[in-house]
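The values are calculated or read from the model by the stated rules, or taken from the named source; none is laboratory data. None of the values given here were measured: they were computed from a predicted structure. As a convention, Cβ positions derive from the backbone with ideal geometry for all residues, glycine included, and neighbour counts pool all protein chains shown.
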Amino acid sequence: MPAIHQLVAGFSRGDAISNEALVMRKIFRSWGYGSDIFCESRRILPELRNEAKDLVQHRSEFKADDIVLLHLSIGSIVNQIFPELPGHKVILYHNITPSEYFAAVQPQIAASLARGREEARALAGQASVNLADSQFNAEELTSWGYRNVQVLPLVLDLSRLRESPNRAILKKYNDGLANILFVGRCVPNKRIEDALAAFYYFQKYVEPNSRFIHAGSYAGTEQYHAILLTMIRDLQLENVELIGSVRQDELNACYKASRAFLCMSEHEGFCIPLIESLVHDVPVVAYAAGAVPETLGGAGALFKEKRFDLIAETLGRLHRDAALRNAVLQSQRERLSRFENRNLEQELRAHLSPLLPQL
């Protein structure tokens, strides 16, 4: 029996692409096809080695009548092996951040990202079916010479977001301060410095009894993290917490205790924390860059200019104006309903239909 196999650059617990690959594998197997996930062994967490196979060691398992789906996300040897494998090819692009965001603070990461984007460009024409998880990403593939790119929005496991929040964290942050939250890796394209600048206006002129929380790893971007700490000191901001990586229950508590989610990122291929904010009923205030408007789908409060004073006023109104807050939250609930009521199996069949009859 032919198989539908997936290739990923890394496989870890809680990673969005890893989770999506697991959901897809379950669907492919339910269709009656063999289906496995392949990766570099060094990028598979040891406790997950039974869930993913090393691509180099097992490449002989690929047959001419198989379908091979590459989750294209970062530079990886997986991208280089993909064109050499037998089978009908599919690419699902998750975006690779432009290297210029990292050049000044993390040259090694910048070089890795540049390689990844070169590999992505080189794969144009290698697949029979080209997919992207947002229209923003689809347009980037098209600019690189990919043809007939279709959109398959990112598959997310939202059940973990509805698990009980950490009680200690919830108690800590439910102390009367207005919490403004941002979630995401501590990397330059997220423009956390701009979020801090907006929070400066919010705390100084709108709501002095406030706190800014950033949850996200800064491993590998310690220089950028240090710049943010210097900025916090120079602006004399109070109650700013860059808490790094957190467990799911701790993250759920951060969302539950927050009055607004503030996103100033300038490059997002999808932006999962926006959907997470919708799940937790936290009003979103976001810069309309990259795939952010598409992911929100008309929900939240978007702005096209980084006027920090006006952003601060918007945060203040969402904090104090119950009617406005409820209107924004209602728009977000409607967007979440549309996102959750997808028929993923139907979507996958439609996208893979040019290849499925050949099996």
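Points to keep in mind about this one:
- Residue match in the range 140-162 (condition: touching an Asp or Glu at 6+ places or on another chain (Cβ under 8 Å), among the charged types (D, E, K, R) and on the phi < 0 side of the Ramachandran plot): no
- Scanning the range 45-55 for residues that are buried (at least 17 other Cβ atoms within 10 Å of the Cβ) and closer than 13 Å to Leu22 by Cβ yields Glu51, Ala52.
- Top-ranked residue in the range 3-25 [being of a type in the set (D, E, K, R) and under 22 Å from Leu85 (Cβ atoms); ranked as surrounded by the fewest Cβ atoms within 10 Å (Cβ to Cβ)]: Arg25
- Among the candidates Glu61, Glu84, Glu40, Glu51, residue that is touching a strand residue (DSSP E or B) at 6+ places or on another chain (Cβ under 9 Å), charged (D, E, K, R), assigned by TED's automatic domain parsing to the domain that holds Arg117 and within 24 Å of Ala122 (Cβ to Cβ): Glu40
- Every residue from the range 231-286 that is of a type in the set (Gly, Ala, Ser) and either surrounded by fewer than 20 Cβ atoms within 10 Å (Cβ to Cβ) or in contact with a Cys (Cβ under 6 Å, 6 or more places away or on another chain) (or both): Gly244, Ser245, Ala286
- Residues that are under 19 Å from Arg160 (Cα atoms), more than 18 Å from the chain's Cα centre (by Cα) and either at pLDDT 95 or above or of a type in the set (A, V, I, L, M) (or both) do not occur anywhere in the range 232-241.
- Pairs are defined by a Cβ separation below 6 Å, a sequence spacing of at least 6 or placement on different chains, a first member in the range 58-77 that is under 21 Å from Ser134 (Cα atoms), and a second member that is hydroxyl-bearing (Ser, Thr, Tyr) and buried (at least 19 other Cβ atoms within 10 Å of the Cβ); the pairs so defined are Leu72/Tyr93.
- From Ser76, Ser60, Ser35, Ser30, residue being polar (S, T, N, Q) and under 23 Å from the mean Cα position of the chain (by Cα): Ser76
- Subset tally (residues that are surrounded by fewer than 19 Cβ atoms within 10 Å (Cβ to Cβ) and within 20 Å of Ile109 (Cβ to Cβ)) for the range 200-227: 7
- With respect to the conditions (1) within 23 Å of the chain's Cα centre (by Cα); (2) more than 30 Å from Leu141 (Cβ to Cβ); (3) basic (Lys, Arg), Lys306 falls short on a single one, namely (2).
- Test for Glu313: is it modelled with pLDDT under 95 and surrounded by 12 or more Cβ atoms within 10 Å (Cβ to Cβ): no
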